[in-house]
Amino acid sequence: MKFAIVTFPGSNCDQDAYHAARDVLGEEAEYLWHKDTDLKGADVIVLPGGFAHGDYLRCGAMARFSPIMREVQRFAARGGPVLGICNGFQVLLEAGLLPGAMLRNQSLKFRCEHVHIRVEQIDTPFTAACRKDQVLKIPIAHGEGNYFAEPDVIARLERNRQVVFRYTTPDGEVADAANPNGSAAAIAGLCSEARNVVGLMPHPERACESVLGSADGLVIFESVVQSLKSGGLVARA
Amino acid sequence: MRARVFVTLKPSVFDPQGRTIADALHSLGYAGVEDVRQGKYFELDLATNEAAQARALAAEVADKLLANPVIESYRVEIDG
């Protein structure tokens, strides 16, 4: 199983994702430079966190013009699993692979801490090994993670069960105090209508070993390995 | 010809930065400033002398890149 991690100028969590895939999970992993035009046989694409293209104009706005994104779009359209983490999620939103947009955190503060998220949907390639309503302790690190979409779009996301993760208390309850950035409907992560593209603000790749304070993020990566091995997903680059 | 594009958050979108600036102005004693919306300003130098063409081009690039229609709206002005 081969993970491909896209490095944009300004990405800074690409090595964490690589480490999680290769050293912790024991799978193959390879970096793709943003100017590459070949996915090098990847089974899974990860768009990592950081500040792609300096977050010029808006977070993630410039990354969709990187040549690799054309291939990522094609891979996603074929049903290939794509995971966008933090800035990678912002890139997916700006590229139109997921609906909505990010605003500045309601507190105006950059939040860097462990939060709890509840797994709402387990029929995505990145949550297939989770239990429904499982609460994961995973760190966030962002200044613009305040998810926004118009109410009719939020209603459609709920109807289609596209809200994959929600910020909650450690007991799995949605509460204002447990929402670190003011996101609409406490949304921490979403999937596409076809369910193969998933984006989330928290960093599962930074929570794959207990020495880091939590190993709860590992199940996200285990899920995609399980999904691919069980043959539920067929796209290959 | 020069086009000026003003991008702001849509009225339905809360602007925490604008709110904070308004609060700061109030603490400076400017009670008459009721609200502030923060935005972005772009100057585009265009290779045309046709105002209508310039306006259309500026609106097109604002739609495609300068503004994110999910959260932002924009206004175009053309310098005579």
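The values are calculated or read from the model by the stated rules, or taken from the named source; none is laboratory data. None of the values given here were measured: they were computed from a predicted structure. Here Cβ is always computed from backbone atoms with ideal geometry, including for glycine, and neighbour counts include all displayed protein chains.
Data overview
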| quantity | calculated |
| --- | --- |
| In the range B:1-16, the residues that are of a type in the set (V, I, T), under 17 Å from B:L65 (Cβ atoms) and in contact with a Phe, Trp or Tyr (Cβ under 7 Å, 6 or more places away or on another chain) | B:V5, B:V7 |
| Flag for A:R111 being at pLDDT 95 or above and away from chain B (no Cβ under 14 Å) | no |
| Exclusive hit being within 14 Å of chain A (Cβ to nearest Cβ) and touching a residue at least 24 places away in the same chain (Cβ under 8 Å), set B:V36, B:V76, B:V5, B:V70 | B:V5 |
| Counted residues, the range A:210-232 - those being crowded, with 20+ Cβ neighbours inside 10 Å, assigned to a loop (DSSP other than H, G, I, E, B) and modelled with pLDDT under 95 | 0 |
| Flag if A:H53 is in a strand (DSSP E or B) and not hydroxyl-bearing (S, T, Y) | no |
| A:Q106 vs. criteria among the polar types (S, T, N, Q), more than 26 Å from A:L218 (Cβ to Cβ) and within 14 Å of chain B (Cβ to nearest Cβ) | yes |
| Count of residues meeting criterion [hydrophobic (A, V, I, L, M, F, W, C) and within 10 Å of another protein chain (Cβ to nearest Cβ)] in the range B:8-33 | 3 |
| Test: residue in the range A:50-73 that is more than 14 Å from chain B (Cβ to nearest Cβ), among the small types (G, A, S) and within 26 Å of A:K229 (Cα to Cα) | no |
| Any pair with Cβ under 8 angstrom, 6 or more apart, that starts in the range A:56-79 at a residue that is in a loop (DSSP other than H, G, I, E, B) and ends at one that is of a type in the set (D, E, K, R) and modelled with pLDDT of 95 or more | A:R58/A:E94; A:C59/A:E94; A:C59/A:E144; A:G60/A:E94; A:A61/A:E94; A:S66/A:K35 |
| Every residue from the range A:78-117 that is within 24 Å of A:P9 (Cα to Cα) and among the β-branched types (V, I, T) | A:V82, A:I85, A:V91 |
